[in-house]
């Protein structure tokens, strides 16, 4: 912090605070309540525009915006603010102060040192920003690469799943055909044996009812063989 900053505040905050206090005090006093208040830096910029390039800066004077007719000849070390004679009495009472030239000599080196110490920080910040940009670019590239790998893997996985699906469907189709074919073969065999058994039973019944003993005995061997064939029945196998 600057020397004499008893409030331990940054310069811009201290300056803004002191200006605000001065403005409030000025507006509360009856004899100054109607005065027009302007920013000192704006006044300085306005005056400098009116000066010629050849004019010596050491001869520049600044009138007090709150006390017309009084020049800003002093500098308050406590508030770090230029002031006129009335300002020292009313607004900076009891504060340490000194003349503008002496204050400039005392604080110019401090200001230059602050500038010199701040400039490398700007360079470091710019370098850091560039570095952060490069890191961000690498992050984007890495994430894009990983995303591409994920897309490739997912596509290949889906393709493999589709191939496996088709293979399973083909296996199911072949199993259905083979099992149904086996069922059909068993049905045909059962139908054939059933028809033959019915024919043998009818023939044997008619023979025994209407045929003579000789006729029955003459067909006995054939009928027994046919009945033996019909009795060779196997239960259908349930397909797994």
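Structural remarks
- In the condition set (1) surrounded by 10 or more Cβ atoms within 10 Å (Cβ to Cβ); (2) modelled with pLDDT of 85 or more, residue 44 is compliant with all but (2).
- Taking first residues from the range 202-213 that are within 14 Å of residue 226 (Cβ to Cβ) and partners that are not in a helix (DSSP H, G or I), the Cβ contacts under 9 Å between residues at least 6 apart in sequence or on separate chains come to 203/219; 204/219; 207/219.
- If only residues of the range 214-238 that are touching a residue at least 24 places away in the same chain (Cβ under 8 Å) and part of a helix (DSSP H, G or I) are counted, the one that is surrounded by the most Cβ atoms within 10 Å (Cβ to Cβ) is 226.
- The range 74-90 - residue that is within 25 Å of residue 34 (Cβ to Cβ) and touching a strand residue (DSSP E or B) at 6+ places or on another chain (Cβ under 7 Å) and, of those, modelled with the lowest pLDDT: 88
- Conditions (1) modelled with pLDDT under 85; (2) within 26 Å of the chain's Cα centre (by Cα); number of the one not met by residue 128: (1)
- Out of 180, 161, 172, sole residue that is free of Cβ contacts under 8 Å to residues at least 12 places away in the same chain and within 30 Å of residue 230 (Cβ to Cβ): 180
- Exactly one residue out of 181, 159 is part of a helix (DSSP H, G or I) and modelled with pLDDT of 95 or more, and it is 159.
The values are calculated or read from the model by the stated rules, or taken from the named source; none is laboratory data. On a predicted model such as this, the values are computed, not experimentally measured, just so you know. Here Cβ is always computed from backbone atoms with ideal geometry, including for glycine, and neighbour counts include all displayed protein chains.
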